[in-house]
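Peer 1: What follows is a structure written as structure tokens; I'll ask about it next.
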Amino acid sequence: MKIALIVLGVLVAVVLLGVVVGWSLPVHHRASREVTYAASPERIYDVITNVEDFPAWRPKVKSVEQVAGPNGARSFRESGADGVILYVVDEAVPGRRLVTRIADDKLPFGGKWTYELIPVPAGTTLRITEDGEVHNPIFRLVSRFVFGHRATIDNYFGDLGRKLSG
């Protein structure tokens with residue numbers, strides 16, 4: 001019985017430490033990465049804005065549906081490994097720039113992604129900047145120290161690279 005209480009006490013202490021560390025981390029973060037692809041800015045822009053085709057090249061996305069957005073903004077709902085997420089397109093400049101934002105404030109995370117397409121001699125450099133926020137302190141801890149803030153961007157780049165080379 002004594003050992004069980006010690007084990008329980010240690011587990012409670014670890015959870016409390018995780019909560020304290022999570023609370024001490026900032027809610028907002030910025031992560032940015034860039035990759036150069038041998039494709040034109042127009043080709044990449046077409047791929048990243050054709051949301052209906054996401055399930056064909058992004059394995060974690062099971063389905064996407066276009067929905068009516070606030071004030072007529074272009075919006076879509078993505079269903080997949082991360083659950084169901086509603087996105088709004090805040091800015092779209094063909095071949096140059098795209099800004100999407102999570103529009104569901106009930107999720108434990110949120111934020112926006114800015115896609116910048118920069119023509120270079122080898123093709124196009126795509127820079128993605130995530131301005132994210134993680135509200136739940138445990139998710140904040142896991143996002144920061146287990147997955148890393150750039151993990152989703154890196155996965156996206158891998159999926160996009162396979163789509164563009166296929």
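The values are calculated or read from the model by the stated rules, or taken from the named source; none is laboratory data. Predicted, not measured: the structure shown is a model, and the values here were computed from it. Cβ placement follows ideal geometry from the backbone for every residue including glycine, while neighbour counts extend to all protein chains displayed. With ligands, DNA and RNA removed, areas are computed over all heavy atoms of the protein, side chains included. Shrake-Rupley method; radii C 1.70, N 1.55, O 1.52, S 1.80 Å.
Peer 1: Pairs under 6 Å by beta carbon, first residue touching a residue at least 60 places away in the same chain (Cβ under 8 Å) and under 24 Å from residue 158 (Cα atoms) in the range 59-84, partner surrounded by 14 or more Cβ atoms within 10 Å (Cβ to Cβ) and not hydrophobic (A, V, I, L, M, F, W, C), six or more apart or different chains?
Peer 2: 60/80
Peer 1: Further question: Provide a single number: the residues in the range 68-89 that are at pLDDT 95 or above and either in a loop (DSSP other than H, G, I, E, B) or farther than 22 Å from residue 55 by Cα (or both).
Peer 2: Looking only at that region, the number is 0.
Peer 1: Another question about this same structure. Anything in the range 97-108 that is farther than 20 Å from residue 154 by Cα and in contact (Cβ under 8 Å) with a residue 24 or more places away in the chain? List them, or say none.
Peer 2: First, pick out the residues of the range 97-108 that are farther than 20 Å from residue 154 by Cα: 103-108.
Passing the criteria: 103, 107, 108.
Peer 1: Of the conditions (1) open to solvent by 80 Å² or more (accessible area, probe 1.4 Å); (2) on the phi < 0 side of the Ramachandran plot; (3) without any contact (Cβ under 8 Å) to a residue 60 or more places away in the chain, residue 30 fails just one. Which one is it?
Peer 2: (3)
Peer 1: What are the residues in the range 72-101 that are touching an Asp or Glu at 6+ places or on another chain (Cβ under 9 Å) and either open to solvent by less than 40 Å² (accessible area, probe 1.4 Å) or within 17 Å of residue 132 (Cβ to Cβ) (or both), if any?
Peer 2: Scanning the range 72-101 gives 73, 76, 78, 79, 85, 86, 87, 95, 98, 99, 100, 101.
Peer 1: A follow-up question, please. Out of curiosity, is residue 123 at positive phi and either touching a residue at least 40 places away in the same chain (Cβ under 8 Å) or of a type in the set (Ser, Thr, Tyr) (or both)?
Peer 2: Values: at positive phi: yes; either touching a residue at least 40 places away in the same chain (Cβ under 8 Å) or of a type in the set (Ser, Thr, Tyr) (or both): yes.
Yes: the conditions hold for residue 123.
Peer 1: Can you pull out every residue in the range 104-130 that is open to solvent by 40 Å² or more (accessible area, probe 1.4 Å), under 24 Å from residue 67 (Cα atoms) and in a strand (DSSP E or B)?
Peer 2: Passing the criteria: 109, 112.
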